[in-house]
Amino acid sequence: MSLLQKYPAEVAAILARYPADNKRSAVMPLLYLAQRAENYVPAAAIDEVAVLCEIEPTQVASIVGFYTLYYDKQAGRHRIQICTDLPCALRGADEFAAAVCAHLGVEMGGTTADGKVTVEGVMCLAACDRAPMFQVQNGAGLTFHENQTLDSVKALVAKLQAE
Amino acid sequence: MIEHIVLRHRLPGLENINQLAAYQASGGFDAYRTVVTSMTPQAVIDLIKASGLRGRGGAGFPTGVKWSFLSNRFPRYVVANSDESEPGTFKDREIMERNPFQFLEGLMIASYAAQASTAYNYLRGEFWELAARLDAQIAELHAAGLLGKNVLGTQYSLDVHNHLGAGAYICGEESALLESIEGKLGQPRLKPPFPADRGLYGQPTVVNNTETLANIPPIVARGAEWYRTLGTESSPGTKVMCLSGHVANAGNYEVPFGITFRDLIYGLAGGIRGGRTLKAILPSGASAPILAATDKVLDTRLTYEDVAALGSQLGSASIILMDETVDMSWVAMKTTHFFKHESCGKCTPCREGTYWMTHILDRVQAGGVQAADLALLSDVTHQIGGKCLCPLGDFATSAVVSSLKLFPADYEQHLAVAAAVPAKPAARAKVAQPVS
């Protein structure tokens, strides 16, 4: 089903935010919409977004490639993205990230066997005073989890895996 | 020393100003009302010029002067830069979460001053939940007649839209941000022309940081003279300082410009965690040179001029503190990985240079490097600095150059000769305990 068929009101609302002769501006919000169902942008959606934005599919694909929050491949249903940048690392984020990976039995970047959770190290998320922290990204959006411990992650992962 | 102008939600009785009724009850939108119904756009620009307000996103450029550069063409646009991505910065997020209407009111006053009928708020993609709340708050402003056609019964009309980025630090650079709203890769433009002449969709555009905009309603309400009673002559007002790293009480501190590092860190933020000794300060996130925590530095006032005089930058005041256990070559490795990841790839010196710096610095951490490797590292920084379209290239070299200069022993301990000494070979000396 196309984006227009699935989310007609949202597509219209997105297009309305930008000047009628600059539909290309809608490419980023439309890609978030395209990513909603499966947490990655399927190839067919690239073509459809291109038509909606009146640009070429390669131009849409370049946006997916440039911006880190868009994915062209399927991974875990939930991406746990741990900030390991300098301010967080000064408060133990590297060790925290290693402990999370060990608990899940995956390498950094890996996905659990049930396909539910992918763990990734990411750059600064603007929560340096509440490290260790991570965000969970899935099709529905993105949530911050701050002042985390291994125990709090274990509880969260159990919840995500039970879904 | 604390002065809450922007972080007003921290004041007793104002905890709920993230709700429109509570914000309006506290005088919210009175400034906007005054501006739209009784001031000319030029009078607003003159007022902000007179206040001496400087851009809080990092560059410190006078806001009113920036507004006065707009070319005489229409339509014009105003864009809020809420891309907040500098490591160590988390102030705009608190402002938009806890005091969103003051920020929006500032954006709306700026839009009136620029005679723009459309404004965009560009948020980093990670602020997804925040953007959803702001969408709802903007809808409330429409319902209240503060946004939309013929605002408050005047001829002025204004719409505000949120635009989410998707994980690119470079989009905090204003021309890259505009490219991103236009649906393109977030790569900086060659300047001139500047956005005030050719910005969004080639039209005259003002881009201001979130915190800058949040300062505007109080300036309109209380006047430029009042504003100048805060801070210093060249850096008036207050600044939200973001303290992170090994500080006892990390968080945002809103203080008048001119407070010293010492008073901020030891007087307000509880000093260094575990009573350790402060070794070094990154005053502007990953982007500006490291400062050794000497008495001279600690007694320096936090203003744009004073920090620049030390050979660093105040920037957005994302102050990262590092205690005596931290290896500065490790810090340089961390910041360099950040910039390698965030380089947009447009300029070869930055794209390739950050790649090579990470390789050398990873080898430093692994131990057993030669003195020639450190000379090569230094050489690479010279191939990047001053050779790129935007400042990201320069930023990428800051921590490397300054750490090599100020803390050579931190590198020398990783030399092959040093590694032969029966100490921990690739000692990544740093605090390893997560905060509980």
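Below, the figures for the structure above:
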{"quantity": "DSSP beta bridges in chain B [antiparallel fraction, %, rounded to 5]", "calculated": "45 percent"}
{"quantity": "Proxy reagent accessibility, fewest Cβ within 10 Å first, across B:Lys191, B:Lys334, B:Lys239, A:Lys116", "calculated": "B:Lys191, A:Lys116, B:Lys334, B:Lys239"}
{"quantity": "Computed lengthening from B:Asp30 to B:Phe69, 0.36 nm per intervening residue step minus Cα-Cα distance", "calculated": "11.3 nm"}
{"quantity": "Expected-Rg normalisation [2.2 N^0.38 Å, Cα atoms] applied to chain B", "calculated": "1.02"}
{"quantity": "Relative contact order (%) - criterion: Cα under 8 Å, at least six apart; region: chain A", "calculated": "20 percent"}
{"quantity": "Spin-label proximity, A:Glu146 to segment B:119-146 - amide N less than 14 Å from point 7 Å beyond Cα toward beta carbon", "calculated": "B:127-130"}
{"quantity": "Between 0 and 90°, nearest 10: helix A:43-53 axis offset from chain A longest Cα axis", "calculated": "50 degrees"}
{"quantity": "Segment B:8-228, relative contact order [Cα under 8 Å, separation at least 6], %", "calculated": "29 percent"}
{"quantity": "For the protein assembly as shown, with +1 on Lys and Arg beta carbons and -1 on Asp and Glu, the positive-most of B:Val331, A:Leu125, B:Leu268 along the dipole", "calculated": "B:Leu268"}
{"quantity": "Three-way shape label, the protein assembly as shown, alpha-carbon gyration tensor, a/c 1.5", "calculated": "oblate"}
{"quantity": "CD proxy at 222 nm, helix term only [per DSSP H run n ≥ 4: -39500 (n - 2.57); per residue of the protein assembly as shown; nearest 500]", "calculated": "-12000 deg cm²/dmol"}
{"quantity": "Alpha-carbon gyration tensor eigenvalues x 5, square-rooted, for segment B:37-93, Å", "calculated": "25, 14, 11"}
{"quantity": "Number of partner chain Cβ atoms within 10 Å, mean per residue of A:126-136", "calculated": "6"}
{"quantity": "Between segment A:49-71 and segment B:149-200, the Cα center-to-center distance that results, in Å", "calculated": "19 Å"}
{"quantity": "Shape call, segment B:329-420: gyration tensor on alpha carbons, a/c limit 1.5", "calculated": "prolate"}
{"quantity": "Relative contact order computed over segment B:329-420 (Cα-Cα under 8 Å; 6+ residues apart), in percent", "calculated": "37 percent"}
{"quantity": "Cα centroid separation - segment A:130-149 against segment A:1-38, whole Å", "calculated": "26 Å"}
{"quantity": "Electrostatic dipole magnitude of segment B:8-228 [Cβ: Lys, Arg +1; Asp, Glu -1; Cα centre; debye, to 20]", "calculated": "560 debye"}
{"quantity": "For segment B:238-323: rounded, prolate or oblate by the Cα gyration tensor [a/c cutoff 1.5]", "calculated": "rounded"}
{"quantity": "Local net charge near A:Ile46, Cβ-Cβ under 11 Å (Lys/Arg +1, Asp/Glu -1)", "calculated": "-4"}
{"quantity": "Computed label-point distance, nm, for sites B:Gln370 and A:Val51 using a 7 Å Cα→Cβ extension", "calculated": "6.1 nm"}
{"quantity": "Sequence of A:Tyr67, B:Tyr169 once ranked by neighbouring C-beta atoms within 10 Å, starting from the fewest", "calculated": "A:Tyr67, B:Tyr169"}
{"quantity": "Order of A:Cys124, B:Cys347 - criterion: other Cβ atoms within 10 Å of each residue's Cβ, fewest first", "calculated": "B:Cys347, A:Cys124"}
{"quantity": "Calculated from backbone phi, Karplus (6.51, -1.76, 1.60) coupling profile of segment A:131-148 in Hz, x at Gly/Pro", "calculated": "7, x, 8, 8, 10, 10, 10, 9, x, 6, x, 8, 10, 8, 10, 10, 6, 8"}
{"quantity": "17 Å Cα-Cα reach of A:Lys23 towards aspartates and glutamates, excluding residues that sit fewer than 8 places from it in its own chain", "calculated": "A:Glu10, A:Asp47, A:Glu48, A:Glu54, A:Glu56, B:Glu179, B:Glu182"}
{"quantity": "Net charge contributed by nearby residues that have their C-beta within less than 14 Å of A:Cys101 (K/R +1, D/E -1)", "calculated": "-2"}
{"quantity": "Pair-distance profile P(r), taking every C-alpha pair of segment B:8-228, with 5 angstrom steps and integer %", "calculated": "1, 7, 16, 21, 22, 18, 11, 4, 1, 0"}
{"quantity": "Those aspartates and glutamates that a straight Cα-Cα span of less than 20 Å connects to B:Lys387, excepting residues fewer than 8 apart in one chain", "calculated": "B:Glu173, B:Glu174, B:Glu342, B:Glu352, B:Asp379"}
{"quantity": "As computed over chain A, the Cα convex hull volume per residue (Å³)", "calculated": "124 Å³"}
{"quantity": "Pairwise centroid distance, computed over Cα atoms, of segment B:5-72 with segment B:270-299, Å", "calculated": "32 Å"}
{"quantity": "Residues whose placed amide H lies under 5 Å from that of B:Asn209, excluding near-sequence neighbours", "calculated": "B:Arg56, B:Gly57, B:Asn81"}
{"quantity": "B:Phe61 paired with B:Ser38, simple spin-label distance in nm, labels 7 Å along Cα-to-beta-carbon", "calculated": "3.3 nm"}
{"quantity": "Hits among aspartates and glutamates - C-alpha to C-alpha of A:Lys159 under 14 Å, sequence gap 8 or more where chains match", "calculated": "A:Asp114, A:Asp151"}
{"quantity": "Among beta bridges that DSSP assigns inside the protein assembly as shown, antiparallel share in %, nearest 5", "calculated": "50 percent"}
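Values in this text are rule-based calculations from the coordinates and carry no lab data. The structure displayed is predicted, hence computed values, not measured ones. Note: ideal-geometry Cβ built from the backbone for every residue, glycine included; neighbour counts use all protein chains shown.
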